[in-house]
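Values quoted throughout were computed directly from the atomic coordinates according to the rules given, and no laboratory measurement underlies them. Small disclaimer: the values here were computed from a predicted structure and weren't measured. Every residue, glycine as well, gets a Cβ built from its backbone with ideal geometry; the counts of neighbours run over all protein chains shown.
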Amino acid sequence: MGKTYFEQVPLEAAIRVAAEEIAHQKEAGAQQRGWKDIAEEVIREKDPEKMIQLVDELNNALEKRQLARSSFSAAPGNPSPESA
């Protein structure tokens, strides 16, 4: 039987990613809102100034999400997204 995707992820890589996320959460001082919650708030916002702030927050959340995904997939031993 072949290995599942999760069986292919080295334990060290998973621990490193988890430690980075924990450090990031501590740095933030509070749990950050998910990008979907921010996007929904952008849609409902009527004040242009507040909307600009929310869009900046949304961009930051999406960039952090993309960075976390790319650093995890780039870890040694992880399959490339194309092969997964």
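Our coupling estimate for segment 50-67, obtained by passing each phi through the Karplus curve with A = 6.51, B = -1.76, C = 1.60 and θ = phi - 60°, is 5, 4, 4, 4, 5, 5, 4, 4, 5, 4, 4, 5, 5, 5, 5, 5, 5, 4 Hz, Gly and Pro reported as x. Residues L54, L62, L11 in ascending order of nearby Cβ atoms (within 10 Å, fewest first): L11, L62, L54. The residues K64, K46, when put in order of fewest to most other Cβ atoms within 10 Å, stand as K46, K64. Taking the number of Cβ atoms within 10 Å of each Cβ as an exposure proxy, the fewest-first ranking of R69, R44 is R44, R69.
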